[in-house]
């Protein structure tokens with residue numbers, strides 16, 4: 001059982017009746033003990049617990065009463081807070097990545113307006129121009145995903161202590177996140193691609 005916290009390894013335990021516990025053992029546990037009561041859909045009967053303990057051992061106080069769910073929740077509070085912060089930072093990074101891809105492609109389209117106009121005047125279709133811009137955006141995304149996944153595989157060890165029941169190098173998580181990033185990058189690339197495909201070649205050449 002996990003006697004010392006959810007972040008600790010499972011350890012073997014064995015139990016003794018009170019009559020078999022040596023006198024010196026009470027010093028090991030600070031002269032306290034935990035009592036576990038199993039209930040079925042009822043609130044904690046604190047008064048009944050106090051009465052039962054008083055009958056068995058008069059003068060022994062009961063304190064720090066809580067449900068097992070409350071115990072587990074208190075163990076996970078710090079992990080939940082850390083996970084929340086990581087989620088906020090991840091969402092911010094995702095937004096910055098999308099804005100960065102959009103900005104780079106928009107600038108590229110603006111710089112290549114004359115080139116796009118010449119190509120369209122020579123017969124390039126709007127589909128060809130849009131596909132080229134989208135391919136450029138996906139290329140940037142692909143490079144970023146490869147570098148990001150490689151760095152994440154190394155940095156994942158740092159968050160292992162706040163994970164329970166899942167490995168920090170979970171393959172499914174990396175795949176899902178990579179596809180999510182690719183989808184958002186594709187969406188961020190769509191507007192510059194659409195603007196590039198709508199360039200009027202005559203206006204583009206006349207501006208030059």
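Read-outs throughout are calculated quantities, based only on the coordinates presented, and are distinct from any laboratory measurement. Values in this document were obtained by computation on a predicted structure and should not be read as measured data.
Structure summary
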read-out	value
Between 0 and 90°, nearest 10: helix 126-155 axis offset from the chain longest Cα axis	30 degrees
Net lengthening on full extension, residue 169/residue 25 (0.36 nm per residue, minus Cα-Cα)	47.6 nm
Top of 93, 185, 52 by mean-square fluctuation, Gaussian network on the chain, Cα under 10 Å	52
Principal-axis tilt of helix 46-56 within the chain, Cα atoms, nearest 10 degrees	40 degrees
Between the stretch 45-70 and the stretch 84-107, the Cα center-to-center distance that results, in Å	53 Å
Listed residues 145, 99, 65, most fluctuating in the chain (Gaussian network, C-alpha, under 10 Å)	65
Most mobile listed residue (119, 131, 31) in the chain, GNM with C-alpha springs under 10 Å	31
Helix 171-197 vs. the chain, principal-axis angle (Cα, 0 to 90°, nearest 10)	30 degrees
